[in-house]
Amino acid sequence: MRFTTLDGLRRWLDKLAEEVDLVAPTDVDGHVLYRPVTGSDQILFDYERPELSAKDFLLPATEVLLRIEQKGKEVALEEVLPDRKQVLFGIRPCDAHGIAVIDALFLEQDPPDRYYRHHRERTVLVGMACTRMWDGCFCTSMGGGPTDATHLDVLIRPGEEGYFLQPVTPKGVAILEGLPVEEPKGEPLPVEEYNEPVPVVPPEKWRPLFNDRIWMRHGERCLSCRICTYVCPTCRCFDVTDRVVDVQPGLTRIERIRVWDACTSPNYRRVAGGHNPRPTKPDRLRNRFYCKFCYYPEDFGPLGCVGCGRCIVACPVDIDITEVMQVVAKRA
Amino acid sequence: MPINEPLTQQIREHARQLLESERVDCVIGYEASPRGGARPAFVYDPAEVDRLIWSPDCVHNLTTYLHDKKKPRKRGEEPPRVAVVVKPCDSRTLNVLLAERQIERERVVAIGVACEGVVGKDGQPAAKCGRCTDRTPVVYDVLVGEPPEAPPVEDDWSDLARIEEMPPAERLAFWLREFDRCIRCYACRQVCPGCYCTICMFERDDGLWVDAAIDVPQKHIFHLGRALHLAGRCVECDECERVCPMDLPLSLLNRLLVREVEALYGHRAGREETLTPLLFELGPEGSPI
């Protein structure tokens, strides 16, 4: 455990910002969001759970995979991968847990996703413990917790007079080398407020509820927007498409991009010829919950939910994943 | 906010009668949300009408769900008949959808509420209520509540002042900053009762008009395009702005166009059962105005 003051933390971050791609919680017009920063003056140190997870920096909302240039009969392909080290500072333990869930598919399956792996390898996760659970949080029910260091490289715990930094991995030890360390003062702040736990039903007990009326009850008011999947730290579906970026006589430039996609969206499952095996809102909402609690754990290991609560707070029609989990627990 | 007991009882009673008499298959109303406030509810069984409530949290425009009821649930059946609870602002949507032949009048029962205003995200009276000129639904089959005695206010468009004071470059910078925050979740489009295209032109697989990237240029085109598609059709329910997780002030875009269309054609969407003149009426010289 290392101790430093806010000033020490700022000096370390200012130096990091010169050397690496630094991402941190910032205030964007009143919204707490992770954004690339160029100095510690842009960083929030006392902040709520950011409204979007940190997955954008490992699985970007939009990522150019290939640049394709056609000159006459010549076609040149160029893969685009950033090679600078990246530090995600101030992510919450649930964000790191979410990254571990995505790892189970994109790193641990064969073959791994080379773009995701590339970002994962260049990235150091420096987390900030929460001192309370926020509206909707249920991380303690999903195997995490406000001070959980498990999936981080460094865990920072705020104290009264400074910050306690705990390196968790060799990557974490290395990134802390430049930190100005002082004699510890006081103790890390305790977690002030815990939320009620939520029952978690094992995957096999979900299967018999596939045709339960609960999906109609909650799915019918769903708007089929993408909010829940885009704020989610574990939703990782994407689409790949080509776009023309420049056309001149004898020269065409095309980019192959991958962009976030969402199973809640009506056209997500539409296939050639127009058939859609999930034509209604309840079909799609059910799929989102089954993916998290049934299909993903059966296929890849971990549950597809870390209990960050973002989807609960962001849903404009109050679809509450914990309410659904409670109903499922009663019926299972 | 506390539940309005008299209006709640009236809504339940109408719902019960409509379901028991099989006049409708489903009542779309509001129920208490476990998270506080209200949320949309679909009631099929007369035994369940006591789920329904009325309170100042009933902000949602439920007419958007009528699009899910246009097709029969099973092949060969008739499409369902539906009752829907509407505020005055929501009721204007019915006129738009009727004029656009999206709903059949005899399949929809409008339970109109003489509305005294609803609250926004911050718990304060919703901005749309401050400029509400109707107070009583323009279309309804049954009315609950007493129409308020206070005369309707005049819409002074004061919400648009802050954007109109900006010189063009500043205005563009303002919007680009807003669009930068957008996550292209399409919640604004999905909640909008006027957005019902089977395949949105901004979400085509071939990316004909705009590609799939979640970047500022694509979001810029999407939001301006969507606003234009709603010109003369937007009833100013402000649902797009309410559902936006990033708080984009989308009502500004819509209301600028509402004012333009009203100034040019004297048309305010949904006041009557008429199509937007923007697409169909020509100016005195035979050209579009």
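Every read-out reported here was derived from the displayed coordinates using simple, explicitly stated rules and does not represent laboratory data. Because the structure is a prediction, the values reported are computed rather than measured. Positions of Cβ are generated from backbone atoms using ideal geometry, with glycine treated the same way; all protein chains shown enter the neighbour counts.
Considering the options A:Val271, A:Val324, A:Pro60, tell which one lies farthest towards the positive end of the dipole of chain A, charges being +1 on Lys and Arg and -1 on Asp and Glu at the Cβ, about the Cα centre.
A:Val271
Among residues other than A:Arg122 whose Cβ falls under 11 Å from its Cβ, what is the net charge (Lys/Arg +1, Asp/Glu -1)? Can you show the working numbers first?
Details: positive: A:Arg84, A:Lys85, A:Arg117, A:Arg120, A:Lys171; negative: A:Asp21, A:Asp83, A:Glu121.
So the environment of A:Arg122 carries a net charge of +2.
Quick one: angle between helix B:5-20 and the longest Cα principal axis of chain B, in degrees between 0 and 90, rounded to 10, please.
Tilt relative to chain B: about 70 degrees.
Once you've got the Cα coordinates, tell me which of A:Lys281/A:Lys330; B:Lys70/B:Lys121; A:Lys205/A:Lys330; A:Lys330/B:Lys74; A:Lys281/B:Lys70 are over 19 Å apart. Intermediate values should be presented prior to the final figure.
Details: A:Lys281/A:Lys330 23 Å; B:Lys70/B:Lys121 30 Å; A:Lys205/A:Lys330 11 Å; A:Lys330/B:Lys74 30 Å; A:Lys281/B:Lys70 14 Å.
Among A:Lys281/A:Lys330; B:Lys70/B:Lys121; A:Lys205/A:Lys330; A:Lys330/B:Lys74; A:Lys281/B:Lys70, the Cα-Cα distance tops 19 Å for A:Lys281/A:Lys330; B:Lys70/B:Lys121; A:Lys330/B:Lys74.
With +1 on each Lys and Arg Cβ and -1 on each Asp and Glu Cβ, how big is the dipole of the protein assembly as shown about its Cα centre, in debye rounded to the nearest 20?
Details: 80 positive and 98 negative charges, 385 e Å.
About 1840 debye.
Which residues' amide hydrogens lie under 5 Å from the amide hydrogen of A:Leu65, considering only partners 5 or more residues apart or on another chain, with H built in the peptide plane?
A:Arg256, A:Ile257, A:Arg258
Please give the Cα centre distance for segment B:232-250 versus segment B:68-115, rounded to the nearest Å.
Going from one Cα centre to the other spans 21 Å.
Let me confirm one metric for peptide A:243-255, namely the mean number of other chain beta-carbon atoms within 10 Å of its residues' beta-carbons.
Per residue, the average neighbour count from other chains is 1.
What nm value, rounded to one decimal, do you get for the distance between A:Glu187 and B:Arg162 when each label is placed 7 Å out toward the C-beta?
That separation, rounded to one decimal, is 4.6 nm.
Take A:Phe210, project a point 7 Å from its Cα along the Cβ direction, then tell me which residues of segment A:271-299 have their backbone nitrogen under 20 Å from it.
Of the residues in segment A:271-299, A:271, A:276-299 have backbone N under 20 Å from the label point off A:Phe210.
Just name one of A:Phe210, A:Leu88, B:Tyr196: the one whose Cα is farthest towards the positive end of the charge dipole of the protein assembly as shown (beta-carbon charges, Lys/Arg +1, Asp/Glu -1).
The Cα lying farthest towards the positive end belongs to A:Phe210.
Using alpha-carbon pairs under 8 Å, 6+ residues apart, how would you state the relative contact order of segment A:201-257 in percent? Walk me through the numbers before you get to the answer.
Details: 25 pairs, mean separation 10.9, N = 57.
Computed over segment A:201-257, the figure is 19 percent.
With an 8 Å cut-off on Cα pairs and a minimum separation of 6 or more residues, tell me the relative contact order of chain A in percent. Could the numbers behind the result be given before it?
On the way: 639 pairs, mean separation 70.9, N = 332.
After rounding, I find 21 percent.
From the square roots a ≥ b ≥ c of the eigenvalues of the alpha-carbon gyration tensor of segment A:2-331, which class results: rounded (a/c under 1.5), prolate (a/b over b/c), or oblate? Present the calculation step by step, with values, prior to reporting the outcome.
Working: a/c = 2.09, a/b = 1.11, b/c = 1.89.
Oblate is the answer for segment A:2-331, as a/c is 1.5 or above yet b/c matches or exceeds a/b.
So what's the net charge close to B:Leu52: Lys and Arg +1, Asp and Glu -1, counting the other residues with Cβ under 11 Å from its Cβ? If you can, show how the numbers build up before the last one.
On the way: positive: B:Arg12, B:Arg16, B:Arg51; negative: B:Glu13, B:Glu31, B:Glu48, B:Asp50.
Charge balance near B:Leu52 sits at -1.
Rounded, prolate or oblate for segment A:76-119? Axes are the square roots of the Cα gyration tensor eigenvalues, ordered a ≥ b ≥ c, and the cut-off for rounded is a/c under 1.5. Intermediate results must be reported in sequence, preceding the final value.
Numbers: a/c = 3.87, a/b = 1.37, b/c = 2.83.
It comes out oblate by the Cα gyration axes.
With an 8 Å cut-off on Cα pairs and a minimum separation of 6 or more residues, tell me the relative contact order of segment B:112-266 in percent. Please list the in-between numbers first.
Details: 148 pairs, mean separation 32.6, N = 155.
It rounds to 21 percent for segment B:112-266.
In debye to the nearest 20, how big a dipole does chain B give about its Cα centre with +1 on each Lys and Arg Cβ and -1 on each Asp and Glu Cβ?
Details: 37 positive and 48 negative charges, 138 e Å.
That gives chain B a dipole magnitude of about 660 debye.
Taking K and R as +1 and D and E as -1, what net charge do the other residues with C-beta under 12 Å from the C-beta of A:Leu223 add up to? All intermediate terms of the calculation are to be shown ahead of the outcome.
Working: positive: A:Arg221, A:Arg226, A:Lys281, A:Arg284, B:Arg39, B:Arg189, B:Arg242; negative: A:Glu220, A:Asp318, B:Asp68, B:Glu239.
For residues surrounding A:Leu223, the net value is +3.
Taking beta carbons within 10 Å but only from partner chains, what does the mean come to for residues A:226-238? Don't skip to the end; give the middle numbers.
Numbers: counts 7, 9, 3, 1, 7, 3, 0, 0, 0, 0, 0, 0, 0.
For peptide A:226-238, the averaged partner shielding equals 2.
Among B:120-132, B:253-265, how do they line up from the highest to the lowest mean number of other beta-carbon atoms within 10 Å? Write out the running numbers ahead of the final one.
Values: B:120-132: 15.4, B:253-265: 18.1.
Sorting B:120-132, B:253-265 by mean packing, highest first, produces B:253-265, B:120-132.
Using alpha carbons only, how many angstrom separate the centre of segment A:21-41 from the centre of segment A:215-282?
27 Å
Based on the mean of other beta carbon atoms within 10 Å per residue, what is the order of B:218-231, B:181-194, A:119-132, most packed first?
Numbers: B:218-231: 18.8, B:181-194: 23.9, A:119-132: 20.8.
Going by the mean number of other Cβ atoms within 10 Å, highest first, we get B:181-194, A:119-132, B:218-231.
What angle, in degrees between 0 and 90 and rounded to the nearest 10, separates the Cα long axis of helix B:216-229 from the longest principal axis of the Cα atoms of chain B?
Its long axis makes an angle of about 60 degrees.
I'd like the orientation of helix B:168-181 relative to chain B: the angle between its Cα long axis and the longest Cα principal axis, in ° from 0 to 90, rounded to 10.
Taking the Cα atoms of chain B, the angle to B:168-181 is about 50 degrees.
What list of ³J(HN,Hα) couplings, whole Hz, do you get for segment A:177-188 from phi and the Karplus terms 6.51, -1.76, 1.60, once you set θ to phi - 60° and write x for glycine and proline?
Per-residue couplings from phi come out as 4, x, 6, x, 9, 10, 5, x, 10, x, 10, x Hz.
What aspartates and glutamates does A:Lys71 reach when the alpha-carbon gap must be under 17 Å and sequence neighbours fewer than 8 apart in one chain are set aside?
A:Asp246, A:Glu255
Quantify how strongly other chains surround peptide B:38-44 by giving the mean number of their Cβ atoms within 10 Å of each of its Cβ atoms. Walk me through the numbers before you get to the answer.
Numbers: counts 1, 8, 7, 3, 4, 0, 3.
Taking all residues of B:38-44 together, the mean is 4.
Between B:Lys70 and B:Leu143, what is the label-to-label distance in nm when each label sits 7 Å out along the Cα-to-Cβ direction?
For the pair B:Lys70/B:Leu143, the computed spacing is 3.0 nm.
Could you let me know the centre-to-centre spacing of segment B:141-217 and segment A:160-213, using Cα atoms, in angstrom?
Cα centroid to Cα centroid, the span is 38 Å.
Under the rule a/c < 1.5 gives rounded, and otherwise a/b versus b/c splits prolate from oblate, where does segment B:158-278 land using the Cα gyration tensor? Walk me through the numbers before you get to the answer.
Details: a/c = 1.75, a/b = 1.16, b/c = 1.51.
The shape class here is oblate.
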